[in-house]
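What follows is calculated from the coordinates using simple rules that are stated; it is not laboratory data. Bear in mind that the values here come from a model prediction, so they are computed numbers and not experimental data. Every residue, glycine among them, receives a Cβ derived from its backbone with ideal geometry; neighbour counts consider all protein chains shown.
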Ligand code: IDP
Ligand code: MG
């Protein structure tokens, strides 16, 4: 089990719904550590680089517009197997199948089927890196090294 860092973003719909605290709390309450945190309004260049892997998808243009539609809260989250644990806390991409207890399953319900039927993107509140290489690339894209901090959570000291 490795201590990993992963990139999380509260997407513009999460920020505009006033859910920054509710979403970030989900990671903190599991004992994961926030080691980087800031608000950014992504421009075209950032949106293109961030969603690079989706550049050939038909929804790429709309996806970039979604990411650029308001400020996001960007965070780097650290912990044991953090990449997979954070993805589980976030839940499946499509809100209609995201189980209650996940962020996407507790705060949204729209999914791929509904959005594609209407020819548009769907909002799903939060982004999280899906694997090690993605996490490294995304952390480097959104944060400078000096914006990341190493410290101990109180609960880490309690178990030592
Ligand atoms: P993820 O956010 O769970 O990692 P990805 O497959 O990486 O999901 O897709 C990135 C984002 O693109 C999703 O969060 C969602 O907002 C949007 N998206 C993914 N697939 C579709 C689709 O088939 N139609 C419309 N939007 C999609
Ligand atoms: Mg993804």
Using 0.36 nm per residue of separation minus the Cα-Cα distance, give me the extension gain between residue 132 and residue 30 in nm, one decimal. 34.7 nm
Find how much the distance from residue 57 to residue 44 grows on full extension, using 0.36 nm per residue of separation minus their present alpha carbon separation; answer in nm with one decimal. 3.0 nm
Expressed as an acute angle from 0 to 90° and rounded to the nearest 10, what is the orientation of the C-alpha long axis of helix 132-142 relative to the principal long axis of the chain? 80 degrees
Row for region 85-158, column shape: gyration tensor on C-alpha, a ≥ b ≥ c, rounded if a/c < 1.5 i.e. under 1.5, prolate if a/b over b/c, else oblate; value oblate
Taking a ≥ b ≥ c as the square roots of the eigenvalues of the Cα gyration tensor of the chain, is the shape rounded (a/c under 1.5), prolate (a/b larger than b/c) or oblate? prolate
Residue 81/residue 112 FRET efficiency (R0 30 Å; Cβ-Cβ; nearest 0.05): 0.65
If you take the beta carbon distance between residue 154 and residue 17 as r and set R0 to 22 Å, what does 1/(1 + (r/R0)^6) give as a FRET efficiency, to the nearest 0.05? 0.15
Once every DSSP H run of n ≥ 4 in the chain is given -39500 (n - 2.57) and the sum is divided by its residues, what mean residue ellipticity at 222 nm do you get, rounded to the nearest 500 deg cm²/dmol? -10500 deg cm²/dmol
Connecting every pair of Cα atoms under 10 Å apart in the chain and solving the GNM, the largest mean-square fluctuation among 76, 85, 126 falls on 85
Region 68-113 shape via C-alpha gyration tensor axes, a/c threshold 1.5: oblate
Of all DSSP beta bridges with both partners in the chain, the antiparallel percent, nearest 5, is 95 percent
